[in-house]
Amino acid sequence: MREIKNIIVTGTGAVASPIVRALVPAGYNVRTIGLAEKCLNVFRRLHPELERSPEIVDNVLKGDLRIDPFLNLGDYIYSVPHYRLDLSDKNKWSENPFKNTDAIVLTAGNGDCTQDEESAKINYQTDKNTIDNALEASVRYFVFTSSPWRTMDKFNDPLIGSEKFIRPED
């Protein structure tokens, strides 16, 4: 199995932010892509004596590891590289943004299953462009959180996951 180093997270909102905040201290090279104008600022390391690791993140979140409140945390803040790009409009792309990427976490999208038709079309195009270009760039790992409600009827098929798979063209 190929090691995962370079990860793109699409979006910077409520779903993407905690994912990015967990991946960076764990040592992954993370970039974000989406419509936001600003990048996310996260802690690269959560404790001065320890290098990045998932265990440190867990220990801080559980309260088992305390961070000195007088510590200059500016030394540990990292601005995650962000590329402002409309994933729904491939004509605006100068090149495939997913080149040299090991994994993509697709969070960009409108999760409202009652959204209007125009919003649903934009959401669909964002998902389709991301998946198609990830395949073209040979991205090996893909986590889809964008609009799972759109595929829910397909999960009623008992063959999904064993003999049948949901493909980008679906």
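The values are calculated or read from the model by the stated rules, or taken from the named source; none is laboratory data. These numbers come from a predicted model, not from an experiment. With ligands, DNA and RNA removed, areas are computed over all heavy atoms of the protein, side chains included. Shrake-Rupley method; radii C 1.70, N 1.55, O 1.52, S 1.80 Å.
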#### Entry: Extension gain, residue 132 back to residue 120 (0.36 nm per residue minus Cα-Cα distance, nm)
2.5 nm
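Once fully extended, how much extra length lies between residue 83 and residue 141, figured as 0.36 nm per residue of separation less the alpha-carbon to alpha-carbon distance? Let's see the in-between values first.
Working: separation 58, 0.36 × 58 = 20.88 nm, distance 2.02 nm.
Working it through step by step, the gained length comes to 18.9 nm.
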### Where 17, 79 fall by accessible area, highest first, once all protein chains stay in place (1.4 Å)
79, 17
